[in-house]
Structures are given as structure tokens and as C-alpha cells.
Amino acid sequence: MIRYLTFIALLFSSLALYAQQMEWTFMHPDSSYENCDNNTDAEANMLCYALRYTAAESGQLANYTTGFFINCIDGENPILSNSSCLISDNSTEINGCDEASKILMNCSGNSGAVEIIQNIPVLLHMVCFELTPGNQLEISTDEITGLTVSLISRNDGNYIFERPSFSNQNIAPQITSVGSKIK
């Protein structure tokens, strides 16, 4: 019986870990978003995306660190801005366009005091890219840096460490029937 209960406890614990996720969400130019300055300007080929995070547990956001690889566009770094929406920004990029045709983009924040609620998505971070029609960005996780979020538990003040899942994403401008870029 103890083995059975242990198995069930481990099963539910592992399911909770997989509920955490991150994904890049397009910031539509006609919309405003709490805590994130939306600078999307389709006419200027500036497309902004927010990193949406869904937590498996509730707590106060202490910090987050992410590592993403993105491809270069015509040998250039397409990142125009890279900053935290909620807490002190600690983001960097390592431009490897000449050596590897990739950029290591770290989207990170620390020194937070924002309440995160289990299973309620929140916009953590904003990145704006210069992306012209016909080009595409491929975003993948840097397995070494990974994706981590630290929360402080409301119940006991202990740290909760989450490792959200992320599925690789492709971002490309889309043209509407009237010819204006929207995404």
C-alpha cells in the first residue's frame, strides 16, 4: 500500500511540474498590456513579443532566467529591445551572427515583488525584433541556460523552483489582404 501511495504522490508531483510553461505571444499593435510597453510598429517592421509564463504554483516572483537561441537575419542581430516587464531587468544578448548565425538571448529579471497565481498566465518579458516580410525567426531553448523561475511561497516563505516547458517557435510577419503587416 505504501508503494502505491508513493507512486501516486510522485505521479501528481510530476504532473504539476509539466503544468509550467512559457511561450512567446505577439503584442498586437492596437492593444495595451499591463506592465509591458507595447512598441509594435508594423510600418517600421518592429514586432514585439511577450514571454507568457504559466506557473504550476502560486507565490511571489523572485527571479527568472531564460536562454533562447534565435537566428540572425541577413547576418544581423534582429533584436531591437529585450527587457523585463515586472521586475528589475538583467537581460543580455551574445551576438554570434558572424560565427554561428545565431544569437544567445538571455531574458532575465531579479529583485521582484510580483504575485504569481497558479495556472494564470502572466507576461514576464518583452522583446522587439526588426523583422521584414519574407524573413522568419526560429526561437529555441538554450539547454545549458534553460528556463527557470523562482517563486517565494505564500504559505511558508520557502523558495519554489520551476523549470517551465517551452516548444520551439517560428515567428514571421504575416500580410493582411490590404497589405499591412500585423504579425
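No lab work stands behind these numbers, since they all come straight from the coordinates. Predicted, not measured: the structure shown is a model, and the values here were computed from it. Every residue, glycine as well, gets a Cβ built from its backbone with ideal geometry; the counts of neighbours run over all protein chains shown.
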Query raised in the report: Would you list Glu115, Glu76, Glu57, Glu162 from fewest to most Cβ contacts within 10 Å?
Result: Glu76, Glu115, Glu57, Glu162
Query raised in the report: Tally Lys and Arg at +1 and Asp and Glu at -1 over the other residues with C-beta under 14 Å from the C-beta of Tyr53: what net charge comes out?
Result: -2
Query raised in the report: How much length is gained on full extension from Ser111 to Asn168, taking 0.36 nm per residue of separation minus their Cα-Cα distance?
Result: 17.7 nm
Query raised in the report: Fully extended, how many nm does the chain gain between Ser58 and His28 (0.36 nm per residue separation, minus their Cα-Cα distance)?
Result: 8.0 nm
Query raised in the report: Can you pull the semi-axes for the stretch 19-171, root of five times each eigenvalue of the Cα gyration tensor, sorted largest first, whole Å?
Result: 27, 17, 12
Query raised in the report: So for the pair Glu138, Asn90, with labels modelled 7 Å out along Cα→Cβ, what separation do we get in nm?
Result: 3.1
Report summary line: Assertion target for Asp30, Asp41, ordered by fewest C-beta neighbours within 10 angstrom first, is Asp30, Asp41
Query raised in the report: Using a simple spin-label model with points 7 Å from Cα along the Cα→Cβ vector, what separation in nm is obtained for Asp74 and Ala44?
Result: 1.8
**Report entry** Inter-part distance where the stretch 94-137 and the stretch 28-73 are each reduced to a Cα centre, Å
**Finding:** 6
Query raised in the report: What percent does the relative contact order of the stretch 19-171 come to when contacts are Cα pairs within less than 8 Å and at least six residues apart?
Result: 32
